[in-house]
Amino acid sequence: MTRLSIIGGKAILPDQAEAQRTNINIDRDEIAGVGTAENSETIDASGLIIAPGIIDLSVFATDKPAFRFGGITRAALMPDQSPVHDDPATIQFAGLKGKPDFWVHPLAAATQGLENKQIAEIALMKDAGAKAVSTGRSWISDSGLMLRLMQYCTDLDLPLIVHSEDHDLTANAVATSGETATRLGLSNAPAMAEALAVARDLILAEESGAHIHFRQITTAKALELIRGAKSNGLAVTCGVTPAHLLLSDDALADYRTFNRFSPPLRAQQDREACLAAVADGTIDVISSGHNPQGPEGKRLPFSEARSGMAGAETLLALSLSLVRDETISICRLFELLARNPARILGIDAGDIAEGKQADLILIDPDAPWQIDSNKMAALAGNTPFDKLPVQGLVTKMMKGGKVID
């Protein structure tokens, strides 16, 4: 039985603009209160930030060492696995992968085998523990199928997490149309392929009443559409990764395959639009898109390399750069990293408040370190930020009141 107090630190509290110096009391697996220390057993957090554990809304692998390093206490596991998470058994099994140190929330595949032909057994997967439904890496082009899927999700009160690229436009493209792709001779597709997919799905969401979450939004036009949908009261949320906030397609100049993503890197004006959308509240979530790929998938010609990055252990440090640049406050950052993902998944976490799960991290926000792809804790080190100096380290993590070593 755990009864302890975390003392001396500055806590990220709900509805506060800045971190507040206070004490956090924990009773067993819950936060018992905020204020005066009540327990004889204490953890000294002087000089540290006490924050809710990060809830990563988009990972493609259960990667415990990377999650621990990055302060991720819960991760939503995409259904693009082998086998695909399209039945109750795979959902139940995936949900056990993180225990006892982490929470893994497997997402239910929207269609059988993620083949976009027949809706999967979503209700049974919800009963097995799925908190949301996902189309995985692909976009469902059949509008009739997508409408029926949204109607099922509405009836089951499950959010639908979608990938947004019109595949009839993107085909085998590996880059965004523009000067960089043309100069490098890379197969490319227009950025509006994202906005087109978003526009279709927003119309269907309005018709069905579904809560739709656009997993990665990377273009100014798509953000404009989502901003308008929110102002009209639609249940829509969206996310982005640090890569699309910090890099533009200029980073492709040396054909570096660590910079190949889906969706691909965009023009500078789109990157700036994403930063503005983080600041104004249009973007709800920053997630890692954690997708570790070994050399067999990345040491290939750019057009043949696999997309994705190992992002879990760099998510916090890269996101903290937005605070240092005064794009957002640290409290707003943890809305993006913890509170909003928890609300989307419907789980009782993501905040430091009485009765919430005691999933907490202690952060030294100024601790310097250097990202090194050869020394990463992840299953593979395919990061576009290799050798980048950063600040911000997790010094301690707790899951359900238990310290995780």
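Taken together, the values in this text are just the output of simple stated rules run on the coordinates, not laboratory data. Everything numeric here is computed off the predicted structure, so don't read it as measured data. With ideal geometry, Cβ positions are generated from the backbone for all residues, glycine too; neighbour counts draw on all protein chains shown.
Some observations on this one:
- Farthest towards the positive end of the charge dipole of the chain, among the residues GLY281, ILE43, VAL59, is the Cα of ILE43, using unit charges on the Cβ of Lys, Arg, Asp and Glu.
- Region 223-230 - phi-based ³J(HN,Hα) in whole Hz, Karplus 6.51/-1.76/1.60, Gly and Pro as x: 5, 4, 5, 5, 4, x, 5, 5
- What you get for the chain, charging only the Cβ of Lys and Arg (+1) and of Asp and Glu (-1), is a dipole of about 580 debye around the Cα centre.
- Backbone HN-Hα couplings from phi across region 79-86 [Karplus 6.51/-1.76/1.60, Hz, Gly and Pro as x]: x, 6, 10, 10, x, 4, 7, 10
- Close amide-amide hydrogen proximity is noted between ALA76 and ASP56, LEU57, SER58, VAL59, HIS105, each under 5 Å apart and 5 or more residues distant or on a separate chain (H modeled in the peptide plane; Pro and chain starts excluded).
- A simple spin-label model places pseudo-atoms 7 Å from Cα toward Cβ; at LEU169 and ALA17 they are separated by 4.0 nm.
- With all projection directions averaged, the alpha carbon convex hull of region 231-308 covers 5.9 nm².
- Adding -39500 (n - 2.57) for every DSSP H run of four residues or longer, then dividing by how many residues the chain holds, sets the calculated 222 nm ellipticity at -8000 deg cm²/dmol.
- Under 5 Å, built H, 5+ apart or other chain: amide partners of LYS356: ILE31
- Once the Cα-Cα distance is subtracted from the 0.36 nm per residue extended length, the GLU224 to VAL403 segment shows a gain of 60.2 nm.
- Cβ-defined net charge surrounding ALA66, 11 Å radius [Lys, Arg +1; Asp, Glu -1]: -1
- The slack in the chain from LEU145 to LYS117, taken as 0.36 nm per residue of separation less the alpha-carbon distance, amounts to 9.3 nm.
- For the chain, alpha-carbon Rg relative to the globular expectation (2.2 N^0.38 Å, N residues): 0.95
- Coordinate range of the alpha-carbon atoms in region 329-385 per principal axis, descending: 41, 25, 20 Å.
- Under 20 Å from the ASP29 label point (7 Å along Cα→beta-carbon), backbone N, region 84-113: 91-107
- Take every DSSP beta bridge whose two residues both sit in the chain; close to 50 percent of them are antiparallel.
- Unit charges on C-beta of K, R, D, E only; dipole of region 127-204, Debye: 160
- Remark on ILE161: its backbone amide H falls under 5 Å from those of VAL133, SER134, THR135, HIS213, a criterion applied only to residues 5 or more positions apart or on other chains, H modelled at 1.01 Å from N.
- Set of lysines near LYS126 by C-alpha distance (under 23 Å), chain-local residues within fewer than 8 positions excluded: LYS97, LYS99, LYS117, LYS356
- Placing a pseudo-label 7 Å from each Cα along the Cα-to-Cβ vector at SER231 and ARG3 gives an inter-label distance of 5.4 nm.
- Volume in Å³ per residue [convex hull over Cα atoms, computed for region 31-88]: 150
- Distance between the C-alpha centres of region 345-405 and region 139-193: 30 Å, rounded to the whole angstrom.
- FRET efficiency, 1/(1 + (r/R0)^6) with R0 41 Å, evaluated for ASP157 and ASP364 via beta carbons: 0.55
- Partner aspartates and glutamates whose Cα lies under 12 Å from the Cα of LYS230, excluding those fewer than 8 positions away in the same chain, are identified as GLU206, ASP284.
- Phi angles across region 244-251 convert, under the Karplus curve 6.51 cos²θ - 1.76 cosθ + 1.60 with θ = phi - 60°, into 3J(HN,Hα) values of 7, 7, 10, 10, 10, 5, 4, 5 Hz, Gly and Pro given as x.
- Using alpha carbons only: equivalent-ellipsoid semi-axes of region 6-113, gyration tensor based, whole Å: 35, 14, 12
- Amide N proximity, region 199-241 versus MET192 label position 7 Å along Cα-to-Cβ, cut-off under 19 Å: 199-203, 218-228
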